[in-house]
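Reviewing the structure listed below.
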Amino acid sequence: MPGMTNTVSTRLLVLGSGPAGLTAAIYAARAGLSPVVVQGIQPGGQLTTTTDVENYPGFRDVIQGPWLVEEMQAQAEHVGTRFEWDHISDADLTQRPFRLTGDSGTVYLCDTLVIATGAQAKWLGLASEEHMKGKGASACATCDGFFYRGKKVAVIGGGNTAVEEALYLTNHSHDVTLIHRRDSLRAEKILQDRLFAHPNIKIIWHSEVAEFVAGGTPETLVGLDLRDTRTGAIQRIDVDGAFVAIGHSPATELFKGKLRLDSDGYIECETGSTRTTIAGVFACGDVMDKLYRQAVTAAGTGCMAALDAERFMAAMEFEALQAAE
Ligand code: FAD
Ligand code: NAP
């Protein structure tokens with residue numbers, strides 16, 4: 001009927017359907033909390049954008065990212081999770097039940113909220129970069145480094161992530177090049193020391209990527225055209241893999257001014273827990289973790305969030321009982 005608002009009420013609402021949100025849902029459903037998961041515009045999360053996953057425990061053979069999250073979703077459904085195909089665009093966390101509004105117009109009321117909205121890697125924004133994603137351009141060395149065993153790789157960026165990725169890639173490659181747009185790194189000194197001391201890493205300063213260069217059949221990355229940021233001169237380097245490591249953006253726009261975020265926009269949680277600065281609101285996965293950003297760590301903190309939420313509700317119910325006595 002026109003004018004009628006669709007309202008969904010639940011004890012536990014999960015925002016996001018990546019490994020963090022789905023694991024939180026599995027645990028919450030098995031605790032009898034009948035969770036509702038709002039899937040967002042990327043059902044299944046970041047793993048749906050990749051192919052081979054070789055580091056998720058439990059599978060000796062290579063598995064596919066989309067398959068892994070489909071299985072997690074099926075498991076969550078099987079134990080009693082309800083899924084909503086919606087994207088949350090407004091959140092009122094000032095009182096319980098918390099009130100969230102979806103793009104669909106549906107209003108979600110919940111006693112506890114688990115935020116698992118993830119983070120997206122920042123890319124340079126070149127058309128040739130977009131074209132080479134999955135064919136040599138990557139934003140995750142831990143995920144894809146293994147595919148470049150014995151090949152030439154480059155890392156773009158000058159922060160902790162870029163330096164860590166360059167060091168990590170030396171496990172697979174004897175020819176790693178770090179490309180940075182200035183002449184000094186932003187990374188911590190100890191990481192810089194390790195980088196400079198490594199015999200298999202070279203650094204190209206004052207340079208940015210002008211183009212990702214494709215070649216061969218089937219087409220793969222064969223090089224990068226680099227632009228000198230001082231002179232504009234272009235030089236080509238041969239590489240088989242290029243890892244863009246210029247930072248991530250956590251999906252926390254919705255919570256600015258409502259929850260405490262750190263200087264990079266990640267949700268701050270109490271150390272060793274998923275509790276945010278609002279009682280009853282929990283965060284898990286990449287949205288609160290800028291260090292590890294792995295499917296297994298996202299799943300791990302998803303489990304923690306469901307357990308934290310369950311304990312929070314049990315404590316509230318106990319208090320309510322005592323007050324009634
Ligand atoms: P995400 O997977 O980012 O999911 C976020 C969810 O939140 C999405 O479902 C989205 O729709 C939803 N959402 C966002 N905003 C809203 C909103 N406002 N309302 C409702 N929903 C919302 N890790 C590994 O361990 N091994 C690998 O091999 C591996 N390979 C990778 C390959 C690629 C190309 C990429 C990009 C990442 C890879 N990772 C890998 C990293 C891994 O995918 C992430 O660490 C993991 O997906 C994080 O899970 P998450 O649940 O925290 O968030
Ligand atoms: P970051 O610190 O923001 O560094 C991003 C780097 O990418 C900078 O060197 C920046 O250059 C460069 N860059 C940004 N946009 C670019 C563009 N368009 N073209 C070329 N280069 C570009 O990001 P991060 O390294 O991902 O780290 C994010 C946060 O996580 C930081 O707080 C970091 O300390 C933390 N972190 C910590 C650890 C650890 O403690 N071990 C590990 C990883 C991350 P400029 O320097 O010129 O700006």
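When the residues of segment 268-307 are filtered to those that are within 15 Å of ligand 2 (Cβ to nearest atom) and buried (at least 24 other Cβ atoms within 10 Å of the Cβ), the one that is nearest to Q46 (Cα to Cα) is D286. Would it be correct to say that T217 is free of Cβ contacts under 8 Å to residues at least 12 places away in the same chain, more than 11 Å from ligand 2 (Cβ to nearest atom) and of a type in the set (S, T, Y)? So T217 fits the description; yes.
Kindly check whether there is at least one residue in segment 66-86 that is in a loop (DSSP other than H, G, I, E, B), farther than 24 Å from F98 by Cβ and more than 16 Å from ligand 2 (Cβ to nearest atom). Lay out the reasoning, then the answer.
Here is the first cut: in segment 66-86, the residues in a loop (DSSP other than H, G, I, E, B) are 79-81, 85-86.
Within this subset, residues satisfying the condition of being farther than 24 Å from F98 by Cβ are none.
No: segment 66-86 contains no residue that is in a loop (DSSP other than H, G, I, E, B), farther than 24 Å from F98 by Cβ and more than 16 Å from ligand 2 (Cβ to nearest atom).
Note on segment 308-325: residues that are among the small types (G, A, S) and either within 16 Å of ligand 2 (Cβ to nearest atom) or touching a Ser or Thr at 6+ places or on another chain (Cβ under 8 Å) (or both) amount to 1. The combined condition, being within 28 Å of E54 (Cα to Cα) and either among the hydrophobic types (A, V, I, L, M, F, W, C) or crowded, with 18+ Cβ neighbours inside 10 Å (or both), is not fulfilled by E130.
Taking the conditions (1) near ligand 2 (Cβ under 10 Å from one of its atoms); (2) buried (at least 18 other Cβ atoms within 10 Å of the Cβ); (3) on the phi > 0 side of the Ramachandran plot in turn, G136 satisfies each one other than (1).
Residues in segment 12-32 that are in contact (Cβ under 8 Å) with a residue 60 or more places away in the chain and either at positive phi or in a loop (DSSP other than H, G, I, E, B) (or both): G16, S17, G18, A31. The criterion of being modelled with pLDDT of 95 or more, under 25 Å from S184 (Cα atoms) and polar (S, T, N, Q) holds for T170.
Considering only segment 308-322, state which residues are of a type in the set (G, A, S) and either surrounded by 18 or more Cβ atoms within 10 Å (Cβ to Cβ) or within 16 Å of ligand 1 (Cβ to nearest atom) (or both). Even if it seems obvious, please write down each step before you answer.
Step one: of segment 308-322, the residues of a type in the set (G, A, S) are 309, 314-315, 320.
A309 - this is the single residue of segment 308-322 that is of a type in the set (G, A, S) and either surrounded by 18 or more Cβ atoms within 10 Å (Cβ to Cβ) or within 16 Å of ligand 1 (Cβ to nearest atom) (or both).
For residues that are crowded, with 19+ Cβ neighbours inside 10 Å and β-branched (V, I, T), scanning just segment 214-245, find the one that is farthest from S184 (Cα to Cα). Can you show your working first?
First pass over segment 214-245, keeping only residues crowded, with 19+ Cβ neighbours inside 10 Å: 221, 223-224, 226, 239, 241-245.
Still in the list and also β-branched (V, I, T): 239, 244.
Values: V239: 23, V244: 18 Å.
Filtering segment 214-245 for residues that are crowded, with 19+ Cβ neighbours inside 10 Å and β-branched (V, I, T), the one farthest from S184 (Cα to Cα) comes out as V239.
Before we move on, is G265 within 15 Å of ligand 2 (Cβ to nearest atom), free of Cβ contacts under 8 Å to residues at least 24 places away in the same chain, small (G, A, S) and closer than 29 Å to L185 by Cβ? Steps first, answer last, please.
Working: within 15 Å of ligand 2 (Cβ to nearest atom): yes; free of Cβ contacts under 8 Å to residues at least 24 places away in the same chain: yes; small (G, A, S): yes; closer than 29 Å to L185 by Cβ: yes.
Yes: the conditions hold for G265.
Under the condition of being in contact (Cβ under 8 Å) with a residue 12 or more places away in the chain and under 18 Å from the mean Cα position of the chain (by Cα), the residues counted in segment 241-261 number 12. Counting only strands (runs of 3 or more DSSP E) that sit completely within segment 103-184, those holding 1 or more residues that are within 16 Å of ligand 1 (Cβ to nearest atom) and under 20 Å from I246 (Cβ atoms) correspond to 119-121, 152-156. The set of residues from segment 188-207 being more than 24 Å from G150 (Cα to Cα) and surrounded by 18 or more Cβ atoms within 10 Å (Cβ to Cβ) comprises just one member, S207.
Could we say that I156 is at pLDDT 95 or above, surrounded by 23 or more Cβ atoms within 10 Å (Cβ to Cβ) and more than 30 Å from D92 (Cα to Cα) here?
Details: at pLDDT 95 or above: yes; surrounded by 23 or more Cβ atoms within 10 Å (Cβ to Cβ): yes; more than 30 Å from D92 (Cα to Cα): yes.
It is true that I156 is at pLDDT 95 or above, surrounded by 23 or more Cβ atoms within 10 Å (Cβ to Cβ) and more than 30 Å from D92 (Cα to Cα).
Residues satisfying the criterion are absent from segment 282-293 (criterion: more than 13 Å from ligand 1 (Cβ to nearest atom) and within 30 Å of I179 (Cβ to Cβ)). Is there a residue being of a type in the set (V, I, T), away from ligand 1 (no atom under 11 Å from the Cβ) and in contact (Cβ under 8 Å) with a residue 24 or more places away in the chain anywhere in segment 296-304? No, the conditions are met nowhere in segment 296-304.
The values are calculated or read from the model by the stated rules, or taken from the named source; none is laboratory data. Treat the numbers as computed from the prediction; the structure is a model and nothing was measured. All Cβ positions, glycine included, derive from the backbone under ideal geometry; neighbour counts span all protein chains shown.
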